[in-house]
Amino acid sequence: MHAFLVTLILFTGAVLAGLALLITANKVAREAVERLDRRRRLLLEPAVFRYIHETGHKSLPDYLPKPLSRRDRRIAEAVLLDAARLVRGQARDRVTSAFEALGSVRGSIVGLRSQRWWKRADSAERLGLMGSQTAVEPLVTALADPEGEVRIRAARALGLVRGSTSIRPLVGALADPNRWSAIRVAEILIGVGPEAVGELLAAFGTLPVAGRVSTLDILGRIKSLEAVPLLKNTLKDQHPDLRARAAYALGLIGDPDFAEALAAALRDVEWPVRATAARALGRIGGRAAIPALCEALKDRQWWVRANAGEALRLLGPEGRDALISMLDADDTYARHQAVAQLEEGHIIDDYVADLGSPDEERSAAAVRFLEKVIALQRHERLTQQSVEHAQEGVRRTLHKILNRPQPEGGT
């Protein structure tokens, strides 16, 4: 038994020593390969960049040593992939031509058919950086890959390749909400920018409601003026989600000329549309819509009132004056929302500070204003300031106002 244990221990030690030796040898070999790759890259990289920044008709292989080994081809491809992330314009076109000349595009297209999903995903990502139109059709086919990561990398690649033939399939993917993450596809199309607008507009009427909602978001985030007629027409669509998204997109584009159309949307029968239109008016600075926003402060839905109040607050002095005037409104909802926004914008704090002004007219106006606020039972902040304000005179005046009998029916 003792001899058996000794033999087992020796055998185990030998196996472990062999594994350690194998790991060490593998590490040494890998480091040797990496050192050789670095030396070759130092030799090849200047030639690659010289090709990229010149304007002649020679292809990349004419700049590289001959014969071009497999290692040199792989290193040149790595240099080009790094450059593809940085260069633009004519230099970017020459990088794409170099990938085609080296056979890299062809090799990555073959990689899309690999049995291993991670190889297919890596090939799709490489093809996006290579930017060759030759890859469009294989990448479109990869949009139907059973593996989600391959599909999304193929979609990103099509977004990088650009051109109508690559953008159209991405727009079509918005029609398949069960298979695609609309948010991820939308981000890709937003990254494409104005070049995607034409395809989005052309496909809009053919998409299901969910796809049209995504399209409206994309057009708004691209800030496309070309899409404005469609967005304004969609404010009258029968589907409330589309009307709301159209209002949101107009707000993102931000042209004050949209104020009239958005003010009309404040009268929509669906409250989400009214709320979104109010928020959009705050974004675009539509001062012409101040009367409509004041009316929206009376809405029965809190979100509409809150967005309308915020929009007025964001409109500067005119909006602030409108909020102050709403303290005298005959609607309780409107008065309370006006106070909330005046408090949020620190306008009430400004009036508190005026209590200490040597200008009697100014301090009297502050007293009248604060009495209106207190009558609405919104005096938590004022009570705190009556104790903590830095000026004793302000604290004393606030204390007197807060302790005056309030008329009934003030809320």
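The values are calculated or read from the model by the stated rules, or taken from the named source; none is laboratory data. Computed from a predicted model, the values in this text were never measured in an experiment. All Cβ positions, even for glycine, are placed from backbone atoms using ideal geometry, and neighbour counts span all protein chains on display. Quick note on the areas: whole protein, heavy atoms, side chains included, nothing else; ligands and nucleic acids left out. Shrake-Rupley method; radii C 1.70, N 1.55, O 1.52, S 1.80 Å.
Worth pointing out:
- Number of the exception - GLU380 against (1) within 25 Å of LEU293 (Cβ to Cβ); (2) under 40 Å from the mean Cα position of the chain (by Cα): (1)
- Unique residue being in contact with an Asp or Glu (Cβ under 7 Å, 6 or more places away or on another chain), more than 28 Å from ARG153 (Cβ to Cβ) and among the basic types (Lys, Arg) when the list is ARG35, ARG50, ARG40: ARG40
- Taking the stretch 228-285 as the range and being among the polar types (S, T, N, Q) and more than 22 Å from the chain's Cα centre (by Cα) as the test, the residues that pass are ASN233, THR234, GLN238.
- When residues in the stretch 372-401 are screened for being open to solvent by less than 60 Å² (accessible area, probe 1.4 Å) and in a helix (DSSP H, G or I), 11 of them pass.
- Scanning the stretch 308-325 for residues that are in a helix (DSSP H, G or I) and open to solvent by 20 Å² or more (accessible area, probe 1.4 Å) turns up GLU310, ARG313, LEU314, PRO317, GLU318, ARG320, ASP321, ILE324, SER325.
- Of the helices (runs of 4 or more DSSP H) lying entirely inside the stretch 108-208, those carrying at least 3 residues that are of a type in the set (D, E, K, R) and under 21 Å from the mean Cα position of the chain (by Cα) are 148-161.
- Only one of the numbered conditions (1) open to solvent by less than 20 Å² (accessible area, probe 1.4 Å); (2) at pLDDT below 95 is not met by TRP180, and that is (1).
- Residue satisfying all of: in the stretch 87-115; aliphatic (A, V, I, L, M) and farther than 24 Å from ARG50 by Cα; most open to solvent (accessible area, probe 1.4 Å) among these: VAL110
- Inter-residue pairs, beta-carbon under 8 Å, first open to solvent by less than 30 Å² (accessible area, probe 1.4 Å) and in the stretch 211-240, second small (Gly, Ala, Ser) and not in a helix (DSSP H, G or I), 6+ apart: GLY211/ALA175
- The lone exception for ALA121 - which of (1) in contact (Cβ under 8 Å) with a residue 12 or more places away in the chain; (2) over 23 Å from ARG88 (Cα atoms); (3) open to solvent by 30 Å² or more (accessible area, probe 1.4 Å) it fails: (3)
- As a summary of the residue check, ALA366 satisfies the conditions (1) of a type outside the set (Ser, Thr, Tyr); (2) open to solvent by 90 Å² or more (accessible area, probe 1.4 Å); (3) more than 18 Å from HIS336 (Cα to Cα); (4) modelled with pLDDT of 85 or more except for the one numbered (2).
- Which numbered condition SER69 fails, given (1) under 26 Å from ASP176 (Cα atoms); (2) hydroxyl-bearing (Ser, Thr, Tyr); (3) at pLDDT below 90: (1)
- For the stretch 59-77, the set of residues classified as surrounded by 15 or more Cβ atoms within 10 Å (Cβ to Cβ) and aliphatic (A, V, I, L, M) consists of LEU60, LEU64, ILE75, ALA76, listed by residue number.
- ARG162 vs. criteria at pLDDT below 90 and open to solvent by 10 Å² or more (accessible area, probe 1.4 Å): yes
- The requirement of being surrounded by fewer than 17 Cβ atoms within 10 Å (Cβ to Cβ) and on the phi < 0 side of the Ramachandran plot is satisfied by ARG41.
- Verdict on ARG92 being under 20 Å from PHE204 (Cα atoms), charged (D, E, K, R) and in contact (Cβ under 8 Å) with a residue 24 or more places away in the chain: no
- Hits in the stretch 257-307 (condition: buried (at least 17 other Cβ atoms within 10 Å of the Cβ), of a type in the set (Lys, Arg) and assigned to a loop (DSSP other than H, G, I, E, B)): LYS298
- ALA84 being under 20 Å from GLU149 (Cβ atoms), of a type in the set (A, V, I, L, M, F, W, C), surrounded by 21 or more Cβ atoms within 10 Å (Cβ to Cβ) and under 31 Å from the mean Cα position of the chain (by Cα): no
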